[in-house]
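*Asks:* Sharing a structure here in structure tokens format.
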Amino acid sequence: MAQDDCIFCRIIQGEMEAEILYQDEKVVAFKDVNPQAPVHILLVPVKHIPSLKDFTGSEFELVADIHEVAVKLAEEQGLASEGFRIVNNCGSKGGQTVNHVHFHLLGGRQLKWPPG
Ligand code: DGP
């Protein structure tokens, strides 16, 4: 069920603008509004699940679906040969600011470790 007060649900439903790069019945990918790298794409499940810790049972299959789309997009964006990063921020100390689970696909520059 979509949540009216969730910005990512609103993007998925076409009520808010975003540059959508991929969409199927389970997964949507769109450009991050505040990119931290030349390529910065957010991948989300269509289903409103607040965070990674809220997945149960077969919902974990969505994590694999999202990673499959992420790798496809990384290839399309020319990141596959040089490398890229997929990040999930979970909860406030994990740095999560939007409570609709999402994975960041980052690439196009040398990424540092450890993250801040
Ligand atoms: P996180 O900190 O992991 O919860 O990441 C949330 C990301 O969502 C952050 O990188 C900025 C992005 N973001 C927030 N609001 C919007 C929006 O309205 N549109 C788009 N495209 N991205 C957004």
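*Asks:* Restricting attention to the range 57-116, which chymotrypsin sites (Phe, Trp or Tyr not before Pro) occupy a DSSP loop and are surrounded by at most 13 other Cβ atoms within 10 Å? Numbers along the way, then the final one.
*Replies:* Working: sites: Phe60, Phe84, Phe103; in loops: none.
Loop-located and lightly packed - none at all.
*Asks:* Given an 8 Å cut-off on Cα distances and at least 6 residues of separation, report the relative contact order of the chain as a percent. Write down the numbers at each step before the final one.
*Replies:* Values: 167 pairs, mean separation 33.0, N = 116.
Once divided by the residue count of the chain, the mean separation gives 28 percent.
*Asks:* Given charges of +1 on the Cβ of Lys and Arg and -1 on the Cβ of Asp and Glu, with all other atoms neutral, how large is the dipole of the chain about its Cα centre, in debye to the nearest 20?
*Replies:* Details: 10 positive and 16 negative charges, 114 e Å.
Value, rounded to 20: 540 debye.
*Asks:* Oh, and also: Quick check on the range 62-116: take the gyration tensor over C-alpha atoms, sort the square-rooted eigenvalues as a ≥ b ≥ c, and tell me if it's rounded (a/c under 1.5), prolate or oblate. Mind dumping the intermediate values first?
*Replies:* Numbers: a/c = 2.88, a/b = 1.32, b/c = 2.18.
Note, shape of the range 62-116 comes out oblate.
*Asks:* Output the 0 to 90 degree angle, nearest 10, between the alpha-carbon long axis of helix 61-76 and the longest principal axis computed from the alpha carbons of the chain.
*Replies:* 40 degrees
*Asks:* Using only helices, what value at 222 nm comes out for the chain when you add -39,500 (n - 2.57) per DSSP H run of length 4 or more and divide by the total residues, to the nearest 500 deg cm²/dmol? Please report the intermediate quantities before stating the final value.
*Replies:* Numbers: 2 runs with 22 residues, N = 116.
Helices in the chain give a 222 nm mean residue ellipticity of -5500 deg cm²/dmol.
*Asks:* How many nm separate the modelled label positions at Glu68 and Asn34, each set 7 Å beyond the Cα in the direction of the Cβ?
*Replies:* Between Glu68 and Asn34, the simple spin-label model gives 3.3 nm.
*Asks:* Are there any trypsin sites (Lys or Arg not before Pro) in the range 1-95 that are in a DSSP loop and have at most 12 other Cβ atoms within 10 Å? List them by number.
*Replies:* Working: sites: Arg10, Lys26, Lys31, Lys47, Lys53, Lys72, Arg85, Lys93; in loops: Lys26, Lys47, Lys93.
Answer in residue order: Lys93.
*Asks:* Pop out the ³J(HN,Hα) list for the range 77-87 in order, Karplus 6.51 cos²θ - 1.76 cosθ + 1.60 with θ = phi - 60°, rounded to Hz; leave Gly and Pro as x.
*Replies:* The phi angles translate into 8, x, 9, 4, 6, 8, x, 7, 9, 10, 10 Hz.
*Asks:* Moving to a separate point now. Net charge near Leu105: determine it from the other residues with C-beta under 15 Å of the C-beta of Leu105, scoring Lys and Arg +1 and Asp and Glu -1.
*Replies:* Details: positive: Lys31, Lys72, Arg85, Arg109; negative: Glu19, Asp32, Asp65, Glu68, Glu75, Glu76, Glu82.
Surrounding charge for Leu105 is -3.
*Asks:* Here's something else I'd like to know. Roughly speaking, what is the stretch gain from Phe60 to Asp24, that is 0.36 nm per residue apart minus the C-alpha to C-alpha distance, in nm to one decimal?
*Replies:* Working: separation 36, 0.36 × 36 = 12.96 nm, distance 1.71 nm.
Difference between extended and current length: 11.2 nm.
*Asks:* How big, in percent, is the set of alpha carbon pairs in the chain lying more than 24 Å apart? Intermediate values should be presented prior to the final figure.
*Replies:* Numbers: 1434 of 6670 pairs.
Cα-Cα pairs of the chain separated by over 24 Å account for 21 percent.
*Asks:* I've got another one for you. Within a Cβ distance under 11 Å of Phe84, other residues only, what is the Lys/Arg minus Asp/Glu net charge?
*Replies:* Details: positive: Arg85, Arg109; negative: Glu75, Glu82.
Within the 11 Å Cβ shell, the charges total 0.
*Asks:* Another one. So who's got an amide H within less than 5 Å of the one on Asp32, skipping anything under 5 residues away but keeping other chains? H placed 1.01 Å off N, in plane.
*Replies:* His40, Ile41, Leu42
*Asks:* Per 0.36 nm of contour for each residue apart, how much would the distance between Gln13 and Val98 grow if the chain were fully extended, relative to their Cα-Cα spacing? The partial results should precede the final answer.
*Replies:* Details: separation 85, 0.36 × 85 = 30.60 nm, distance 1.64 nm.
Separation in residues times 0.36 nm, less the Cα-Cα distance, equals 29.0 nm.
*Asks:* Net charge around Cys9, counting only other residues with Cβ within less than 11 Å of its Cβ (Lys, Arg = +1; Asp, Glu = -1)? Numbers along the way, then the final one.
*Replies:* Details: positive: Arg10, Lys47; negative: Asp4, Asp5, Glu15.
Net of charged neighbours comes to -1.
*Asks:* Determine which lysines satisfy two conditions relative to Lys26: a Cα distance under 20 Å, and not lying fewer than 8 residues away in the same chain.
*Replies:* Reachable lysines: Lys47, Lys53, Lys72.
*Asks:* Still on this model: Within the range 49-116, list the GluC sites (Glu not before Pro) lying in a DSSP loop whose Cβ has at most 14 other Cβ atoms in a 10 Å radius.
*Replies:* Numbers: sites: Glu59, Glu61, Glu68, Glu75, Glu76, Glu82; in loops: Glu82.
Loop-located and lightly packed - Glu82.
FYI, it's all coordinate maths here, none of it is from the lab. No experiment lies behind these values; they were computed from the predicted model shown. Cβ sites come from the backbone with ideal geometry, for glycine too, and all protein chains shown count toward neighbours.
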